[in-house]
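Let me begin by presenting the structure, written as structure tokens, before commenting on it.
The values are calculated or read from the model by the stated rules, or taken from the named source; none is laboratory data. Being a predicted model, the structure only gives us computed values, none of them experimental. Neighbour counts run over all protein chains shown; Cβ positions are idealised from the backbone, glycine included.
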Amino acid sequence: MELGSHPSETRRRYDETADLYDQRYSEIQRQKYAILLSMLQPREGESVLDWGCGTGLARSHLEATGVRYFGIDFSLGMLSVHRRRGRSKLVLGDCARLPFCDGIFDGIFGATVLQNIPDHSKAFREIRRVLKPGGRAVLSILAKAKLNHEAVRAAGLEVTSVSECGEDIAVCLLRTR
């Protein structure tokens, strides 16, 4: 999807292409998942939010680690495809206005999501809000988009590691306060 598109236009495009998404992007996404999972290091029993879960490609990778899986996406079309994979705790919602209580998740897993959110500062504040103290978030970000380190710090998060991830970079963020 196109960087900088209006959110409603981006949502419409995801809804329209949901049935084709896995065919187009599953291989490149799975390559990212291996890197993101190694950075997140989820432990059995932890609650992990698949932030921008889309069609649920990451779900089996996360569930294989024994975590309690939750998914959120703003595209009903993508969630409909996800639901076909089986029962799961899914929410239709905005990743920059998360409909969850404060401090509920041990981890957040977000592959190829941030470029679809106009206000990164708001997204980082929401990530911090729903993470438990000491919780971590792993995100893949288009390398050309660059990570806004000041927005990360201002949100109360700390970058603990960065890795190349195909044409993206992968970052691990820790809730520090």
Discussion item. Can you tell me how many residues within the stretch 68-82 are free of Cβ contacts under 8 Å to residues at least 24 places away in the same chain and more than 13 Å from the chain's Cα centre (by Cα)?
Written reply: 1
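Of all residues in the stretch 125-150, how many are of a type in the set (A, V, I, L, M) and modelled with pLDDT under 95? Full working, then the answer.
Filtering the stretch 125-150 for residues of a type in the set (A, V, I, L, M) gives 127, 130-131, 137-139, 141-143, 145, 147.
Next, only the ones that are modelled with pLDDT under 95 stay: 141-143, 145, 147.
Selection size over the stretch 125-150: 5.
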Discussion item. Here's a check for you: in the stretch 135-152, which residue that is in contact with a helix residue (DSSP H, G or I) (Cβ under 9 Å, 6 or more places away or on another chain) and of a type outside the set (A, V, I, L, M) is nearest to residue 32 (Cα to Cα)?
Written reply: 140
Discussion item. Given the criteria under 24 Å from residue 65 (Cβ atoms) and out of contact with any Phe, Trp or Tyr (no Cβ under 6 Å at 6 or more places or on another chain), does residue 133 qualify?
Written reply: yes
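Take the residues in the stretch 77-93 that are touching a strand residue (DSSP E or B) at 6+ places or on another chain (Cβ under 8 Å) and not in a helix (DSSP H, G or I), then tell me which one is surrounded by the most Cβ atoms within 10 Å (Cβ to Cβ).
Narrowing the stretch 77-93 to residues touching a strand residue (DSSP E or B) at 6+ places or on another chain (Cβ under 8 Å): 79, 82-83, 88-93.
Checking which are not in a helix (DSSP H, G or I) leaves us with 88-93.
Working: 88: 16, 89: 12, 90: 20, 91: 16, 92: 13, 93: 14.
So, considering only residues that are touching a strand residue (DSSP E or B) at 6+ places or on another chain (Cβ under 8 Å) and not in a helix (DSSP H, G or I), the one surrounded by the most Cβ atoms within 10 Å (Cβ to Cβ) is 90.
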Worksheet item: What's the number of the condition residue 36 fails, among (1) modelled with pLDDT of 95 or more; (2) out of contact with any strand residue (DSSP E or B) (no Cβ under 6 Å at 6 or more places or on another chain); (3) in a helix (DSSP H, G or I)?
Response: (2)
Fill in: Test set (1) in contact with a Lys or Arg (Cβ under 6 Å, 6 or more places away or on another chain); (2) surrounded by fewer than 16 Cβ atoms within 10 Å (Cβ to Cβ); (3) among the hydroxyl-bearing types (Ser, Thr, Tyr) - residue 121 fails condition number
(1)
